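Heads up, the thing below is written out as structure tokens.
The values are calculated or read from the model by the stated rules, or taken from the named source; none is laboratory data. Predicted, not measured: the structure shown is a model, and the values here were computed from it. Positions of Cβ are backbone-derived with ideal geometry, glycine not excepted, and every protein chain shown enters the neighbour counts. These accessible areas exclude ligands, DNA and RNA; they are computed on the full protein's heavy atoms, side chains included. Shrake-Rupley method; radii C 1.70, N 1.55, O 1.52, S 1.80 Å.
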Number of protein chains: 2
Amino acid sequence: MKPRTPPGRIAYVDGRYSRHFEAGVHIEDRGLQFGDSVYEVCRVEYGALCDLSEHLDRLERSMREIAIPMPMSRGALTHVMGEVVRRNKVGYGLIYLQITRGCLRRDFQIPARCRPTVIMTAHELDRAIIAQRRSVGVKVVTLPDERWGRCDIKTTQLLAGSRAKTEARSRGAFEAWLVDGEGFVTEGASTNAWIVEGAGRIVTRNLSHAILPGVTRRVVLEAAAAQKMDVIERKFTPQDAAAAQEAFITSATGPAIPVVEIDGYRIGTGKPGAITGKIAEIYANISINRQT
Amino acid sequence: MKPRTPPGRIAYVDGRYSRHFEAGVHIEDRGLQFGDSVYEVCRVEYGALCDLSEHLDRLERSMREIAIPMPMSRGALTHVMGEVVRRNKVGYGLIYLQITRGCLRRDFQIPARCRPTVIMTAHELDRAIIAQRRSVGVKVVTLPDERWGRCDIKTTQLLAGSRAKTEARSRGAFEAWLVDGEGFVTEGASTNAWIVEGAGRIVTRNLSHAILPGVTRRVVLEAAAAQKMDVIERKFTPQDAAAAQEAFITSATGPAIPVVEIDGYRIGTGKPGAITGKIAEIYANISINRQT
């Protein structure tokens with residue numbers, strides 16, 4: 001089935017720029033048959049790619065972890081990303097980059113040799129929606145974390161997260177916070193999870209196979225530490241979140257969105273908090289200097 | 001990238017029969033971007049589909065569980081499957097059927113409405129290879145089960161299983177037996193796991209979210225019970241397997257393949273056992289009457 005897209009939209013697939021509605025991959029692409037692929041989503045501001053080197057670092061790590069070779073140099077990849085942004089006339093928006101292991105005869109055994117498929121699309125984001133979320137905050141609900149054991153690799157094994165997000169939305173929440181077998185929050189379905197405890201201490205879960213090493217998470221951690229804010233990486237529970245002063249989520253799409261309610265419990269005053277606001281501000285300031 | 005395939009091969013995609021090397025899906029198909037799809041693999045014997053109604057029952061269950069609507073009736077699906085087998089001139093082989101949620105604007109939230117993509121391919125299997133495995137048996141190694149929490153749904157969230165199979169092959173084994181957090185075998189990377197204990201008792205893990213409800217598993221269970229063989233569904237450990245009289249794996253590709261070694265330990269005599277042979281024979285006999 002072909003999607004309905006604006007006629008001018010351009011996608012990059014496997015070495016070619018083509019009209020978005022015509023862009024496809026073969027049915028025996030391992031991305032389609034095994035979820036054997038990795039991806040990145042970068043924010044675009046003023047037509048420039050934000051936190052690009054961090055995204056490319058993580059992409060290279062993901063590919064190393066599942067042994068997909070880089071199909072082109074970082075320089076070439078950066079060039080194509082820039083072209084996709086430019087050809088789609090994106091000022092403020094997102095670029096989506098997916099690299100699959102490629103098209104290979106279907107077999108559970110991963111072939112030693114492959115020619116990866118590179119896919120890129122880009123589109124505008126509605127800034128007003130993000131500004132709205134930032135100004136009033138969002139609700140989250142907790143759900144069991146049913147994802148696989150290697151959430152640190154940014155693969156397209158996304159059905160569990162997608163199901164959780166959908167369930168959260170059906171309950172009137174914006175995001176699902178996933179809870180592991182020991183009762184600790186891992187992260188959001190497509191965001192990292194943060195709380196601010198009583199004395200202004202900012203807490204987010206430590207890195208492990210259970211969570212994605214978020215690019216925005218890392219930039220925020222470094223920036224907050226540089227500002228002498230009190231930040232710590234450790235596990236926390238939904239109860240810790242309900243008792244927290246503030247909470248927020250981070251992702252490339254919306255850095256530091258305030259969370260004002262969890263499972264129906266108001267967090268702090270139930271309004272976006274001052275520390276979350278400061279994080280958003282710090283991020284916005286450094287972000288300007290991080291565009292490529 | 002287009003695959004190298006024999007020129008006569010035909011695939012069915014989204015309502016059309018097309019040349020296999022030209023068959024594709026759109027880059028925004030949720031099967032590709034989220035692993036949001038289910039599949040079935042049916043064995044073909046004498047040009048007929050084996051255990052078809054069981055495969056269609058499971059397909060419908062998988063789709064119900066992740067809320068993908070059936071894109072066509074069972075009758076229509078059966079007709080197309082038959083056509084794909086016929087057009088590819090498959091006598092003894094496999095048919096692969098994948099149904100994705102369809103092509104939709106990328107969003108973690110699953111859209112309420114969709115038009116699923118139906119994909120089918122078919123190809124011959126080399127009977128000699130399967131006969132060889134049956135006559136000498138295969139080796140397995142145990143690996144941690146890193147798959148997601150809903151392995152009972154036959155989705156394309158297959159990277160963990162695919163990685164395990166690849167690791168097993170690199171260690172000289174045919175299959176990986178996956179071990180859960182409590183130390184019990186769940187199943188093989190793409191097969192169900194069975195052992196035969198001292199007194200001739202046949203054991204396979206009970207159904208839960210942790211394993212796929214294998215079609216061949218179910219047919220074998222029913223057939224063995226009908227033959228008054230001693231069969232039980234319960235968990236077992238790798239140590240139980242190493243101490244067993246016999247072991248075997250089942251799948252649509254190769255029903256009842258003997259397992260003669262686990263993690264370097266010989267199982268029983270280290271040769272295919274009599275009970276495994278009897279199971280294979282019973283299955284072969286009933287299979288003839290189950291073709292559609």
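So the label point sits 7 Å from Cα along the Cα-to-Cβ vector; using that for A:G149, what distances do you get to the other copies, in nanometres, sorted shortest first?
Here the equivalent label points are 1.7 nm apart from this one.
State the percentage of accessible surface on region A:10-125 attributable to carbon and sulfur atoms; use a 1.4 Å probe and exclude ligands, DNA and RNA.
Numbers: 2070 of 4150 Å².
Its accessible area is 50 percent carbon and sulfur atoms.
Any idea which of B:T237, B:M63, B:Y92 is furthest toward the positive side of the dipole for chain B, if Lys and Arg beta-carbons carry +1 and Asp and Glu beta-carbons -1?
B:Y92
Nothing charged except the Cβ atoms of Lys and Arg (+1) and of Asp and Glu (-1): what's the magnitude of the dipole of region A:10-125 about its Cα centre? Round to the nearest 20 debye. Spell out each step's value before the answer.
Numbers: 16 positive and 15 negative charges, 65 e Å.
Charge dipole, region A:10-125, about its Cα centre: 320 debye, nearest 20.
About its Cα centre, what dipole magnitude does region A:133-202 give when the only charges are +1 on Lys and Arg Cβ and -1 on Asp and Glu Cβ, stated in debye to the nearest 20?
On the way: 11 positive and 9 negative charges, 85 e Å.
Result for region A:133-202 is approximately 400 debye, rounded to the nearest 20.
So how exposed is A:S170, as accessible area in Å² (1.4 Å probe, rounded to 10)?
Per-residue accessible area (A:S170): approximately 90 Å².
Roughly what angle does helix B:159-170 make with the longest principal axis of chain B, taking Cα atoms, 0 to 90 degrees, to the nearest 10?
Between helix and principal axis, roughly 50 degrees.
Total accessible area buried between chains B and A, 1.4 Å probe, in Å² to the nearest 100?
Details: alone 14280 and 14270 Å², together 23540 Å².
Roughly 5000 Å².
With the crude spin-label approximation of a point 7 Å out along Cα→Cβ, what separation in nm comes out for B:Q132 versus A:A226?
With each label point 7 Å from Cα toward Cβ, the separation is 6.0 nm.
In whole percent, and with a 1.4 Å probe on the protein chains, what portion of the accessible area of region B:130-290 is carbon and sulfur? Please list the in-between numbers first.
Numbers: 3170 of 6320 Å².
Taking all protein chains in place, region B:130-290 shows 50 percent carbon and sulfur surface.
Binning at 5 angstrom from zero up to the longest distance, how are the C-alpha pair distances of chain A distributed in percent?
1, 5, 12, 15, 17, 17, 14, 9, 6, 3, 1, 0
Among B:I257, A:S18, B:F34, which residue has its Cα positioned farthest towards the positive end of the charge dipole of the protein assembly as shown, with +1 placed on the Cβ of Lys and Arg, -1 on the Cβ of Asp and Glu, and the dipole taken about the Cα centre?
Result: A:S18, furthest along the dipole toward the positive end.
Evaluate the Debye formula for the protein assembly as shown with equal point scatterers sitting on the alpha carbons, no solvent, and hand back log10 of I(q)/I(0) at q = 0.07, 0.10, 0.11, 0.12 Å⁻¹, in q order, two decimals.
Reported log10 I(q)/I(0), two decimals: -0.45, -0.89, -1.04, -1.20.
Taking the Cα centre of the protein assembly as shown as the origin, how large is its charge dipole in debye, to the nearest 20, when only Lys and Arg (+1) and Asp and Glu (-1) carry charge on their Cβ atoms? Let's see the in-between values first.
Values: 82 positive and 66 negative charges, 325 e Å.
Charge dipole of the protein assembly as shown: 1560 debye, to the nearest 20.
Dimensions of region A:10-125 along principal axes (Cα, Å, largest first)?
44, 30, 21
What whole-number value in Å² describes the accessible area per residue of chain A for a 1.4 Å probe?
Numbers: 11770 Å² over 292 residues.
Computed with neighbouring chains in place, this is 40 Å² per residue.
Given label points at 7 Å from Cα along Cα→Cβ, what nm distances, shortest first, separate A:E83 from the same residue in every other copy?
Counterpart label points of A:E83 in the remaining copies fall at 3.9 nm.
How would you classify region B:130-290 from its alpha-carbon gyration tensor, with a ≥ b ≥ c the square roots of the eigenvalues: rounded for a/c under 1.5, else prolate if a/b is greater than b/c, otherwise oblate?
On the way: a/c = 1.43, a/b = 1.21, b/c = 1.18.
In terms of gyration-tensor shape, rounded.
Using alpha carbons only, how many angstrom separate the centre of region A:213-246 from the centre of region A:247-284?
11
Mind listing the label-point distances from A:G270 to the same position on all other copies, shortest first, one decimal in nm, points 7 Å along Cα→Cβ?
Shortest to longest, the spacings are 7.3 nm.
For helix B:215-226, report the angle its Cα long axis makes with the longest principal axis of the Cα atoms of chain B; keep it between 0 and 90° and round to the nearest 10°.
Approximately 40 degrees, to the nearest ten.
With Kirkwood's inverse mean 1/r over C-alpha pairs for Rh, give me the Rg to Rh ratio of region A:189-228, two decimals please.
Details: Rg = 10.8 Å, Rh = 11.1 Å.
Rg divided by Rh gives 0.97.
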